[in-house]
Structures are given as C-alpha cells and as structure tokens.
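See structure below.
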Amino acid sequence: MPVPAYRLRLHRERADRTQDDVGRECVISGKMISHFENCRRIPTLDVSKDLDRLFGLDRYFEELHPHVVREVALSPPMSESEELIRAIMEQM
C-alpha cells in the first residue's frame, strides 16, 4: 500500500473515526475515503487540506498531493482485462 493511503488509514484509525466520519468532515462520501485508502482514487488538493485540518497535521497531505498526482500520471494505464479482474475481485 502506498504511503499516503497507509497514512490516511493510520490517522483515521488512531482518531477512532470511520470512513463515513472522515468523509462528512471533508464534505465527501465515506466510500470516497475508502477509494483513497485502497488507491483507487486520489484526493483533491482541497480534500488533502481538509484531511490535514481534521487530523491536526501541518500540511502533510497537502505537501504529498503534487507527488501523488505526478506518480499517478507516470503509472501505466490498466488494461481492460486488469480493470475487469479488479472489478470482479472487489465484488467478492
């Protein structure tokens, strides 16, 4: 699991918050927090700032944001078969 996703889950669990709790604070769904924690989506810069505020961090997620965006841009796209396999695995 990439560091930002791991750290988000770690901070959320240490704060004894559910994904829905964090989502409400960031004005997004708990499902979106799940997507961030499982590397299916990346948070926007505004959400990154909200996460820092929520967990009392000094720009941790905000400063990671451009690096995560760059890494995602450099990652090769998934093939259709990989996407299909991932979708099937998520339903199990």
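The values are calculated or read from the model by the stated rules, or taken from the named source; none is laboratory data. None of these values were measured; they are calculated from a predicted model. When we count neighbours, we look across all protein chains shown, and the Cβ atoms used for this are built from the backbone with ideal geometry, even at glycine. Protein only, heavy atoms only, side chains kept; ligands, DNA and RNA dropped before computing areas. Shrake-Rupley method; radii C 1.70, N 1.55, O 1.52, S 1.80 Å.
Local charge for H67 was computed over the other residues whose Cβ lies under 14 Å away, with Lys and Arg +1 and Asp and Glu -1, and equals 0.
Surface analysis of segment 18-66 yields an accessible area of 56 Å² per residue, using protein heavy atoms and a 1.4 Å probe.
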